[in-house]
Every structure is written in structure tokens, then in C-alpha cells.
Amino acid sequence: MTKKELALEIIERLKQEYPMAECTLDYDQAWKLLVSVRLAAQCTDARVNVVVQDLYAKFPDVESLAAADPAEIEEIVKPCGLGHSKARDISACMRVLRDEYGGRVPDDFEKLLKLPGVGRKSANLIMGDVFGKPAIVTDTHCIRLSNRMGLVDGTKDPKKVEMALWAIIPPEEGSDFCHRLVMHGRDVCTARTKPYCEKCVLQDICPKIGVPQHGTDA
């Protein structure tokens, strides 16, 4: 079985196992997803979803958040960890949206990458979830599972994993596939414990390549 054939089989099985593929960060506007994905670094999505309620109660739009003192933002978001740098990036990002894009989030990958605090993972998430464009989000779950499943060859570099997956994943499947990897990584192919291979829908086709990665998966 080639990597592409393996990928297609994994995609179909995960579709059956997790029919609802969606982002676990709560948002109803594109700029809010930008804020949440920055806060989610080394923090659980569940905690981010709680913290942003207070943030948006005080700063309900791009303009008010852009005008806010970063120290005010930091005071609210510090339960997510790394409060100072996250508040700085959120403040700077909202100012760029206000000053250069009329308060709207650009639907161009390269423009997203130029926003403060936005890397390839975040830009791909926005492209896929907000704009419905092809995207591959290489978070820690995606990297760990792609290695274990034999879709990539022993690399933890996010960009290298992303490029390898682009070569074998149909573009229209990428975003949902990555969301399903998150679900599978939390429920079955875990990082902090031994994977529950006995209940995995992929057990007969998974080569179980790589060493389990322990870390800060949300």
C-alpha cells in the first residue's frame, strides 16, 4: 500500500468514526478564531473557550481590542499561560486588521502569515475553517499521528509534515482530516498514555511508526 493509498483509507475510516469534523475552539467571527488560536498555544481549547468570554465582554470587536492597552488584554488572558506575549501579539494583530484590512481577516495565506502571532498552523486553520479553502493544520496531534500511521517518515518539523501531507491528501479533505486527527489523538491515539490500539479503527493498517510524543496536546 502506497502512502497515498494509506492516506485515503485512513481518511475514509476516520470519517466513519468521527462524522462531525469541526474546530473545538468556539468562534462566530473570523477575528475571534485568530484570537483563540493564539491563546491556544500550550493551553487547552476548553480553557480558551472560557477565557475569551470575558475578553469579548470587554472588547466586543476588532476596533475595541485594537485600541485596548495590551496590559488590559494580558490581565484577562493570563489563565491561558504566556499572557504577556499572547496579549502583545493579539493587540498588534488587531491593530493590523483595523488599519490595513478595515477590521476584516484577509483570505490570503501569505497575508495571514504576515499578521503578528500567526504562523502556518494558524493560517491554515483560518483558511480551512473560515474560508473553506484547502488547508492542512499541523498541530501536535497531526504530527504525532502522521508519524505513527506511516504517512510521514519520522519528522516532527511542522512544515515538513505539512508538505508531506499535501502530497498525499486530497486538497478538499485536508482541513476535516486534521480535525479528525485531533479527535482521534485525544480519544484513542493519545500522547500522555499508551495508545489504545485495541479499540482503534486503524489497527489493521497502522504500522505504528515512531515513539509516542509526550507534550502539551490540548
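None of the figures in this text is laboratory data; all of them are computed from the coordinates on show. Please read these numbers as outputs of a predicted model, since none were measured by experiment. Positions of Cβ are backbone-derived with ideal geometry, glycine not excepted, and every protein chain shown enters the neighbour counts.
Some observations on this one:
- Sites listed here are trypsin sites (Lys or Arg not before Pro) in the stretch 106-157 whose DSSP assignment is loop and whose Cβ has at most 13 other Cβ atoms within 10 Å: 114.
- Which listed pairs, of 32/156; 15/156; 4/159, have C-alpha distances above 22 Å, in listed order: 32/156; 15/156
- Remark: the stretch 68-218 carries a charge dipole of roughly 440 debye about the Cα centre, counting +1 on each Lys and Arg Cβ and -1 on each Asp and Glu Cβ.
- Extension gain from residue 26 to residue 187, taking 0.36 nm per residue of separation minus the Cα-Cα distance: 56.0 nm
- Estimated 222 nm signal from helices in the chain, with DSSP H stretches of n ≥ 4 weighted -39500 (n - 2.57), rounded to 500: -15500 deg cm²/dmol
- Farthest toward positive dipole pole in the chain [+1 Lys/Arg, -1 Asp/Glu at C-beta], among 116, 97, 189: 189
- Cβ-isolated cysteines (cut-off 4.7 Å), the chain: 23, 93, 142, 178, 189, 197, 200, 206
- The stretch 30-130, dipole about Cα centre (Lys/Arg Cβ +1, Asp/Glu Cβ -1), debye to the nearest 20: 260
- Amide H within-cut-off set for residue 103, under 5 Å, with H built and near neighbours excluded: 98
- Cα gyration tensor category, rounded, prolate or oblate, for the stretch 30-130 with a/c compared to 1.5: oblate
- Simple spin-label estimate for residue 201 and residue 110 gives 3.9 nm between the two label positions (7 Å along the Cα-to-Cβ direction from each Cα).
- Translational diffusion of the chain, µm² s⁻¹ [Kirkwood Rh, Cα pairs; Stokes-Einstein; 10 °C; 1.306 mPa s]: 88
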